[in-house]
Amino acid sequence: MPAYSNILGLLVLLAATPAAAFVNPVVLNRHREQQQKQQAAAVNTTSVAASAATQTAVAPAEVPIVTIPLDKQYVPVVRNNKTVSYKTAYFGRIYLGTPQQDFTVVFDTGSGHLFLPSATCDSFTCRKHRRFDRRASDSSIDVDHGGHAVRPDATERDQVAIAYGTGEVTGEFVRETVCLAKHEAPVTDESEDCVRIRVITATEMTPEPFNTFHFDGVLGLGLDSLAVDPEFSFFGQMAKQNNLVHELFGYFLSRSDKVASEISFGGHDTRRIASELEWTPVHQPELGFWQVKVKSVSVAGESLPLCEEGDCIAIADTGTSLIGAPRQVSQRLHWLLARKVPDNPSEIDCRTFPGPDLVFELEGGVKITLGPEDYSRATAMRVLQKANNHSQVICRASLLPVDDGEVLGPKAWILGEPVLRKYYTAYDWHGKRIGFAPAVQPPAPEEGAEEAPRHTIIGAPPQEPPTPTLVQV
């Protein structure tokens, strides 16, 4: 996912380029590096075309939609000892190995691998999370970065380093069975929610940002080319091995913490859309990102000159909690979306204060319209002029500046949580396109309802309107 500020700043990550995505993984082939030094010759590596552990293909069948409820975590952003905003992360449960071990992961369209902490990692950061014990799994096979089985007596292992915005993980490789549901009986080839893929087991994880978040790892849902090898691609291998009739997944974000957000595999959830999906093609799918062409961006009907030639792009990123805007236009966009609040209120939630619409027109005629309830930072800013002691309360947008990247260029936008909360999104793996439809928000359960909660909320902010942050000029 982008290296911007979001979850893993990371995924929310906090910087500005899809994290594991925009940064190419660096394979640390330590064994071969030693050979190179000894032989002074480059060593070519090849990938294995097939594996004995790969599931047998099954005849095409209607695969039921698998829907996973997502937990939500709020992480406060503090400035001068005051919480000015929150980063958010959404994560659900998956199951690895035989017998199964369960983990929570962010389902991230901005990265291409599944990584989890390894039981061999004993750092404080790793120990804060569930760790995968490959020795406890009968279905786990140690492999090198080319997919070859590693000898049991091997003393050194190939490794990979992947950057996630402000953080990084270093890990080894295993081939393992990954499932989207709990199986009491042994997993078989007919288990349609399971797949054999290569997994990165992290032997090192940087404290930032992984100490902050409760989820254990990241499951990348970027296209095949975003991974070191297609065998790392969870959904790519799921579609291939299980012969999915509907090679797509859908993503729903709830506006209410009382209702679970969800991700669905093998189709989209028609209960969560208010109209038919409108589709826009993926631009340059060979890059691996779920990116689309942006024909124009406007605020209150005023088009931004940056995108007037129709050469802007936008990435739909489930791992980013903000809207990302090219740095060169972010200041202008902040100015256009700012609103003065009359009467200097002592408390106000800016998401409820009127403001202009922010509109993205995508290729194929798809229009994404965001209002102040979508893009606003909840906490206002009180600007105090020291010269005359006059103050003005201002509501602002919450935007993430995206730096000019070698892969994406200077005109890249990030369609993060504000867009994905207002619009249900469907990701068509086979057709290389993204569908958008206004999301239908289900009613919250009634007070006293006995049904078990499907999700957990961590670190929820106070319910009362926030106090404006004071800025003196």
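The values are calculated or read from the model by the stated rules, or taken from the named source; none is laboratory data. Here the structure is a predicted model, which means the values were calculated and not measured. Cβ atoms come from the backbone with ideal geometry, glycine included; neighbour counts cover every protein chain shown. Please note that ligands, DNA and RNA were not included when accessible areas were found on the heavy atoms of the full protein model with its side chains. Shrake-Rupley method; radii C 1.70, N 1.55, O 1.52, S 1.80 Å.
So for segment 168-189 (the condition being farther than 21 Å from G266 by Cα, buried (at least 22 other Cβ atoms within 10 Å of the Cβ) and β-branched (V, I, T)), does at least one residue qualify? Within segment 168-189, one or more residues are farther than 21 Å from G266 by Cα, buried (at least 22 other Cβ atoms within 10 Å of the Cβ) and β-branched (V, I, T). Within segment 386-398, the set of residues being in contact (Cβ under 8 Å) with a residue 40 or more places away in the chain and either surrounded by fewer than 24 Cβ atoms within 10 Å (Cβ to Cβ) or touching a Gly at 6+ places or on another chain (Cβ under 8 Å) (or both) comprises K386, S391, Q392, V393, I394, C395, R396.
For segment 228-241, a residue qualifies if it is buried (at least 24 other Cβ atoms within 10 Å of the Cβ) and either in a loop (DSSP other than H, G, I, E, B) or without any contact (Cβ under 8 Å) to a residue 12 or more places away in the chain (or both), and exactly one does: S233.
Pairs linking a residue in segment 78-94 that is closer than 26 Å to F265 by Cα to a residue that is open to solvent by 50 Å² or more (accessible area, probe 1.4 Å), with Cβ atoms under 7 Å and 6 or more positions apart or on different chains, are R93/D102.
For segment 264-275, does any single residue satisfy the condition of being closer than 25 Å to L400 by Cα, in contact (Cβ under 8 Å) with a residue 60 or more places away in the chain, outside the structural domain of D108 (by the TED database) and surrounded by fewer than 24 Cβ atoms within 10 Å (Cβ to Cβ)? Taking every residue of segment 264-275 in turn, none turns out to be closer than 25 Å to L400 by Cα, in contact (Cβ under 8 Å) with a residue 60 or more places away in the chain, outside the structural domain of D108 (by the TED database) and surrounded by fewer than 24 Cβ atoms within 10 Å (Cβ to Cβ). Can you tell me which residue within segment 81-103, out of those that are under 13 Å from the mean Cα position of the chain (by Cα) and surrounded by fewer than 24 Cβ atoms within 10 Å (Cβ to Cβ), is modelled with the highest pLDDT? Looking at residues that are under 13 Å from the mean Cα position of the chain (by Cα) and surrounded by fewer than 24 Cβ atoms within 10 Å (Cβ to Cβ), I get G92.
Results for (1) among the hydroxyl-bearing types (S, T, Y); (2) over 17 Å from G431 (Cα atoms), shown as yes or no for each residue.
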residue	(1), (2)
N211	no, yes
G222	no, no
E231	no, yes
A239	no, no
E262	no, yes
G266	no, no
S275	yes, yes
T280	yes, no
Q284	no, no
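Looking at segment 381-388, can you tell me whether even one residue there is in a strand (DSSP E or B), assigned by the TED database to the domain that holds Q291, touching a helix residue (DSSP H, G or I) at 6+ places or on another chain (Cβ under 9 Å) and of a type outside the set (A, V, I, L, M)? No, that holds for no residue. For segment 108-118, does any single residue satisfy the condition of being of a type in the set (F, W, Y), within 19 Å of L180 (Cα to Cα) and in the same structural domain as T212 (by the TED database)? The answer is yes; a qualifying residue exists.
If you check P418 against the conditions, is it at pLDDT 90 or above, in a loop (DSSP other than H, G, I, E, B), open to solvent by less than 60 Å² (accessible area, probe 1.4 Å) and touching a helix residue (DSSP H, G or I) at 6+ places or on another chain (Cβ under 8 Å)? Considered against the rule, which asks whether it is at pLDDT 90 or above, in a loop (DSSP other than H, G, I, E, B), open to solvent by less than 60 Å² (accessible area, probe 1.4 Å) and touching a helix residue (DSSP H, G or I) at 6+ places or on another chain (Cβ under 8 Å), P418 comes out as no. Scan segment 421-438 for residues that are crowded, with 17+ Cβ neighbours inside 10 Å and touching an Asp or Glu at 6+ places or on another chain (Cβ under 8 Å) and the total you get is 9.
Scoring V245 on the criteria (1) aliphatic (A, V, I, L, M); (2) crowded, with 19+ Cβ neighbours inside 10 Å; (3) touching a Pro at 6+ places or on another chain (Cβ under 9 Å); (4) farther than 20 Å from L420 by Cβ leaves a single failure, condition (2).
Counting the residues of segment 146-164 that are open to solvent by 30 Å² or more (accessible area, probe 1.4 Å) and in a loop (DSSP other than H, G, I, E, B) gives 9. In segment 320-340, of all residues being over 19 Å from H283 (Cβ atoms) and open to solvent by less than 10 Å² (accessible area, probe 1.4 Å), the one that is nearest to the chain's Cα centre (by Cα) corresponds to L333. Of all residues assigned to segment 211-219, at least one qualifies as being under 19 Å from the mean Cα position of the chain (by Cα) and among the polar types (S, T, N, Q).
Without any contact (Cβ under 8 Å) to a residue 12 or more places away in the chain and of a type in the set (K, R): does that describe K340? Criteria not met by K340.
Screening V218 against (1) modelled with pLDDT of 95 or more; (2) surrounded by fewer than 17 Cβ atoms within 10 Å (Cβ to Cβ); (3) not assigned by the TED database to the domain that holds S330 leaves a single unmet condition, (2). If we keep just the residues of segment 284-298 that are in contact with a strand residue (DSSP E or B) (Cβ under 9 Å, 6 or more places away or on another chain), in contact (Cβ under 8 Å) with a residue 60 or more places away in the chain and more than 20 Å from A437 (Cβ to Cβ), which is surrounded by the most Cβ atoms within 10 Å (Cβ to Cβ)? The extreme case among them is F289. Within the span defined as segment 399-410, every residue fails to be surrounded by fewer than 17 Cβ atoms within 10 Å (Cβ to Cβ) and in contact with a His (Cβ under 9 Å, 6 or more places away or on another chain). Is there a residue in segment 224-242 that is within 14 Å of the chain's Cα centre (by Cα) and modelled with pLDDT under 95? Checked against the condition, which is being within 14 Å of the chain's Cα centre (by Cα) and modelled with pLDDT under 95, segment 224-242 yields at least one hit.
With respect to the conditions (1) open to solvent by 10 Å² or more (accessible area, probe 1.4 Å); (2) touching a helix residue (DSSP H, G or I) at 6+ places or on another chain (Cβ under 7 Å), I313 lacks only one, and its number is (2).
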